[in-house]
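**Student:** Just passing along the structure, written as structure tokens.
Laboratory data are not the source of any read-out in this text; all were calculated from the coordinates shown. Fair warning: this is a prediction, and the values are worked out from it, not measured in the lab. Positions of Cβ are backbone-derived with ideal geometry, glycine not excepted, and every protein chain shown enters the neighbour counts.
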């Protein structure tokens, strides 16, 4: 097993570029996975092509040891000297394992889609990751992200999504106005100011649910295009929910409809 000892190693520098640069990830198609859970998911389910795993030396984790032991010969595994590995971790407390791989191409939705989600202007990677986890948990088929939304495949968003990105068709830089116009089913926007109560809206059938940014919500222009606008009733003078929590509630409501 190869051991990398220098931070000037070309592979180390390549990973650092992928961590820091959205354009580097987009141009190459490669993503960075940080942490045992994400790496295990990709090793187990073969979500990424050309998967390369990098492990901090010395190995102190039983989980990492088992992953190395069980990994197929097709997966490249490289040891990285501890001080060099610190330059690859995207968290304060490293788990001692990162990986890179190329995202497989996915098909876009067709007229048989049952449930799609459109996200406009979300800026926090953790919030987007949480939204994608709920989408995957409640059988969303496709997720549209506006041009102003944070990168769905940044290391922080991937951690927040806990692998949800690999279970969804995600279309970035979408024109949400066109998505609404072209969607074959019902469209529902969300607003804390001008929507109907959750229980009063029909969530059955083909549905496109639109979610706005943490601060401003959906624009009036998008809200004017949708079939219905929904609000989640809140008690105790609470003005709004965290956007991730709101999406979980709405997706669960759709799953029960």
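**Student:** Compute the acute angle (0 to 90°) between the alpha-carbon long axis of helix 125-137 and the principal axis of greatest extent of the alpha-carbon atoms of the chain; round to the nearest 10°.
**Tutor:** 70 degrees
**Student:** For residue 249 and residue 112 in one chain, what is 0.36 nm times their gap in residues minus the Cα-Cα distance, to one decimal in nm?
**Tutor:** 46.9 nm
**Student:** Here is a follow-up. Between 169, 91, 157, find the one with the highest GNM mean-square fluctuation for the chain; connect C-alpha pairs within less than 10 Å.
**Tutor:** Looking only at 169, 91, 157, the largest GNM fluctuation is found for 91.
**Student:** Using only the Cα atoms of region 27-183, build the gyration tensor, take square roots of its eigenvalues as a ≥ b ≥ c, and label the shape rounded, prolate or oblate: rounded if a/c is under 1.5, else prolate if a/b is larger than b/c, else oblate.
**Tutor:** prolate
**Student:** Moving on to the next point. Just check region 3-103 against the gyration tensor rule for me: Cα atoms, a ≥ b ≥ c as the square roots of the eigenvalues, rounded for a/c under 1.5, and otherwise prolate or oblate depending on whether a/b exceeds b/c.
**Tutor:** oblate
**Student:** So for the chain: antiparallel DSSP bridges make up what percent, rounded to the nearest 5?
**Tutor:** Working: 12 of 42 bridges.
Here the antiparallel bridges make up roughly 30 percent for the chain.
**Student:** Moving to a separate point now. For the chain, what does the helix formula give at 222 nm: sum of -39500 (n - 2.57) over DSSP H segments with n ≥ 4, over the residue count, nearest 500 deg cm²/dmol?
**Tutor:** Numbers: 10 runs with 86 residues, N = 257.
Dividing the helical sum by the residues of the chain leaves -9500 deg cm²/dmol.
**Student:** Any idea what angle helix 10-20 forms with the longest principal axis of the chain, computed on alpha-carbon atoms, 0 to 90 degrees, nearest 10?
**Tutor:** Its long axis makes an angle of about 20 degrees.
**Student:** State the extension gain, in nm to one decimal, for the chain segment bounded by residue 104 and residue 36, taking 0.36 nm per residue of separation less the distance between their alpha-carbons.
**Tutor:** 22.4 nm
**Student:** If a/c stays under 1.5 just call it rounded; otherwise compare a/b with b/c (prolate if a/b is bigger, oblate if not). Do that for region 115-256, with a ≥ b ≥ c from the square roots of the Cα gyration tensor eigenvalues. All intermediate terms of the calculation are to be shown ahead of the outcome.
**Tutor:** Values: a/c = 1.39, a/b = 1.22, b/c = 1.14.
Rounded is the answer for region 115-256, as its axis ratio a/c remains below 1.5.
**Student:** Continuing with the same structure: Counting only C-alpha contacts under 8 Å and six or more residues apart, can you give the relative contact order of the chain as a whole percent?
**Tutor:** Relative contact order for the chain comes out at 18 percent.
**Student:** On C-alpha positions alone, give me the angle between the axis of helix 36-45 and the longest principal axis of the chain, in degrees, nearest 10.
**Tutor:** So the helix axis and the longest Cα principal axis differ by about 80 degrees.
**Student:** Given a Förster radius of 51 Å and the C-beta distance between residue 199 and residue 50 as r, what FRET efficiency does 1/(1 + (r/R0)^6) yield to the nearest 0.05?
**Tutor:** 0.60
**Student:** Let me ask you something else. GNM, the chain, Cα, under 10 Å: largest mean-square fluctuation among 155, 58, 184?
**Tutor:** In the Gaussian network model the winner is 58.
**Student:** Only Cα pairs within less than 10 Å get springs; with that Gaussian network setup on the chain, which residue of 40, 214, 112 has the largest fluctuation?
**Tutor:** Greatest mean-square fluctuation among the candidates belongs to 112.
**Student:** Pop the C-beta distance of residue 7 and residue 173 into the FRET formula with R0 = 30 Å and round what comes out to the nearest 0.05.
**Tutor:** Numbers: r = 34 Å, r/R0 = 1.12.
E between residue 7 and residue 173, to the nearest 0.05, is 0.35.
**Student:** Here's another thing I want to ask about it. Work out how far the C-alpha atoms of region 46-85 reach from end to end along every principal axis, then list the three figures in whole Å, largest first.
**Tutor:** Its Cα atoms span 29, 20, 15 Å along the three principal axes.
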